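This report refers to the structure that appears directly beneath it.
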C-alpha cells in the first residue's frame with residue numbers, strides 16, 4: 001500500500017484522546033520556522049469566540065473574494081473531507097495537493113519532538129502548520145483564520161494579524177479554559193495583539209474582559225453591541241434581509257443566505273472587519289449575498305422539514321431554540337441528537353424541552369462520540385419522549401415517521417453528526433459554491 005497523507009495526519013493525537021490538547025506555541029513555532037515562516041508572507045484576520053467563528057469567517061472570506069483578493073480560509077472541523085479545513089478562494093484542498101504538501105512537510109513535522117523537547121505535535125498543530133504552509137506556497141493575499149480552542153495558547157496564535165475578532169463568549173471546554181465566562185474570555189482575549197484592532201460581539205461580562213485586554217495592548221477596541229445597530233426586515237429559510245447602521249455607513253436590505261438572528265450578528269462582525277479594510281459597500285453587499293456555509297440551520301429536506309444545525313454547546317442550543325420559536329411558534333420538533341463524550345446532555349435537554357416532540361439519541365461514526373444508550377441513561381428529563389437508535393440513517397427515518405409530512409426534524413449536537421447526516425440525506429456538497 002502507498003503512503004496515505006490523511007492517515008498520516010490522523011496518526012497524531014486528536015483532541016479528545018490522550019495528548020490531543022497541547023497548549024503552547026513552541027511546536028508550531030518550530031515547524032513554521034523550519035519552513036521559512038510562511039504565515040508572515042500574507043496578511044491575516046484572526047477570529048476567535050465560542051460560536052459563529054466559522055460563519056463570520058465565511059462571510060468575510062466571501063467579501064474579500066468579491067474584492068478580487070486571493071483568500072485562504074482555515075476552519076475546523078470539516079463536514080466531509082479534510083481538505084475543507086484549508087480552502088483557497090472557497091475551494092477545499094484536493095487529494096493530490098494534500099499528498100504533495102504532506103510529503104514536503106513530513107521531514108519538518110518529524111523533527112519537532114527532538115528539537116523542542118515538547119513531544120510530537122498534535123493533530124491540530126500539524127493541520128495548522130499545513131494550512132499556513134499551503135497558503136504561503138500558493139501566495140494568497142489574505143488569510144481568514146479561525147482559532148481552534150480558546151486563543152491564548154492556541155496554535156493559530158502564532159499569527160501577527162492585521163485585525164482580530166471575538167464573536168462571543170459562552171461556557172465551553174471548561175476543563176481547559178476555565179469554569180466562568182470571565183476566565184474563558186481572558187483565554188479568548190489572548191489573541192489580541194499590540195496596536196491591532198479588536199472587534200467583538202461579546203456581551204457583559206466577557207466584553208469588559210476583552211476591553212481591558214485591548215487597553216493593555218493599546219489595541220483599538222470596537223463593540224458591535226455598543227457601536228452598531230441592525231434590524232431584520234425579512235426572514236426566509238433560504239436567508240434574510242436586514243438593515244445595518246455602522247459608525248461609517250447606513251446599509252439597507254443587506255441579504256445573507258443563512259437563516260437565524262445569530263447569523264445577522266456574524267454578518268455584522270464581518271462587515272465591521274471589512275470596513276476596517278476600507279472595502280466598498282457594493283463589494284461588501286455582494287460578498288454577503290454569495291457567502292456559503294452549510295450545516296448551520298441548513299434545510300436538507302421537506303415533508304417533513306429537515307434542518308441540520310451544528311449546535312454543540314449550550315449557547316448554540318439557545319440560539320437554535322430561539323430560531324425555532326421565532327420561525328415556527330408553537331410547533332413541536334423531533335430532535336435527532338448525537339453528542340461527543342465530553343457533554344452533559346441535561347443542559348441541552350432543558351433548552352429544547354418546550355420545543356421537543358420526541359428526542360432520538362444516535363451516534364456519529366467518530367471515536368469521540370458518546371454512546372446513545374449512555375446519553376439516554378444520563379438524561380434526567382421526564383417531560384420528553386426519548387428513543388435510542390444508534391445509526392444516524394435509521395434515526396432520521398424514525399424521526400421522519402414521527403414528525404409526519406407537516407412536521408419538523410432537526411439533527412444537531414455535533415458538526416460531525418451534521419456531516420454524516422448530509423451525506424445520508426443526499427445533501428453532501430463540499431464547501432464549493434458554483
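Quick rundown of the values:
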item: Test: residue in the range 249-270 that is more than 25 Å from residue 311 (Cβ to Cβ), out of contact with any strand residue (DSSP E or B) (no Cβ under 7 Å at 6 or more places or on another chain) and not in a strand (DSSP E or B); result: yes
item: Residues satisfying the stated conditions in the range 200-232, i.e. under 19 Å from residue 161 (Cα atoms) and not in a helix (DSSP H, G or I); result: 200, 201, 217, 218, 219, 220, 221, 222, 223
item: Qualifying position, being under 20 Å from the mean Cα position of the chain (by Cα) and not assigned by TED's automatic domain parsing to the domain that holds residue 240, among 323, 335; result: 323
item: Residues of the range 96-120 satisfying the condition of being assigned to a helix (DSSP H, G or I) and without any contact (Cβ under 8 Å) to a residue 40 or more places away in the chain; result: 96, 97, 100, 104, 107, 113, 114
item: Within the range 359-385, considering residues that are crowded, with 19+ Cβ neighbours inside 10 Å and not in a loop (DSSP other than H, G, I, E, B), the one modelled with the lowest pLDDT; result: 369
item: Qualifying positions in the range 184-199 - surrounded by 18 or more Cβ atoms within 10 Å (Cβ to Cβ) and either without any contact (Cβ under 8 Å) to a residue 60 or more places away in the chain or part of a loop (DSSP other than H, G, I, E, B) (or both); result: 185, 186, 187, 189, 192, 193, 196, 197, 198
item: Hey, residue 406 over 22 Å from the mean Cα position of the chain (by Cα), surrounded by fewer than 22 Cβ atoms within 10 Å (Cβ to Cβ), modelled with pLDDT under 95 and outside any helix (DSSP H, G or I) or not; result: no
item: Counted residues, the range 266-314 - those being farther than 22 Å from residue 241 by Cβ, buried (at least 24 other Cβ atoms within 10 Å of the Cβ) and more than 14 Å from the chain's Cα centre (by Cα); result: 2
item: The one condition in (1) over 17 Å from residue 32 (Cα atoms); (2) out of contact with any strand residue (DSSP E or B) (no Cβ under 9 Å at 6 or more places or on another chain) that residue 92 fails to fulfil; result: (2)
item: Exclusive hit being in a helix (DSSP H, G or I) and in contact with a strand residue (DSSP E or B) (Cβ under 6 Å, 6 or more places away or on another chain), set 351, 398; result: 398
item: Scope the range 237-248; condition touching a helix residue (DSSP H, G or I) at 6+ places or on another chain (Cβ under 7 Å) and either part of a loop (DSSP other than H, G, I, E, B) or loosely packed, with under 14 Cβ neighbours inside 10 Å (or both); matching residues; result: 246, 247, 248
item: The range 8-51 - residue that is in a loop (DSSP other than H, G, I, E, B) and at pLDDT 95 or above and, of those, surrounded by the fewest Cβ atoms within 10 Å (Cβ to Cβ); result: 36
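The values are calculated or read from the model by the stated rules, or taken from the named source; none is laboratory data. Nothing here was measured: the structure is a model prediction, and the numbers come from that model. Positions of Cβ are generated from backbone atoms using ideal geometry, with glycine treated the same way; all protein chains shown enter the neighbour counts.
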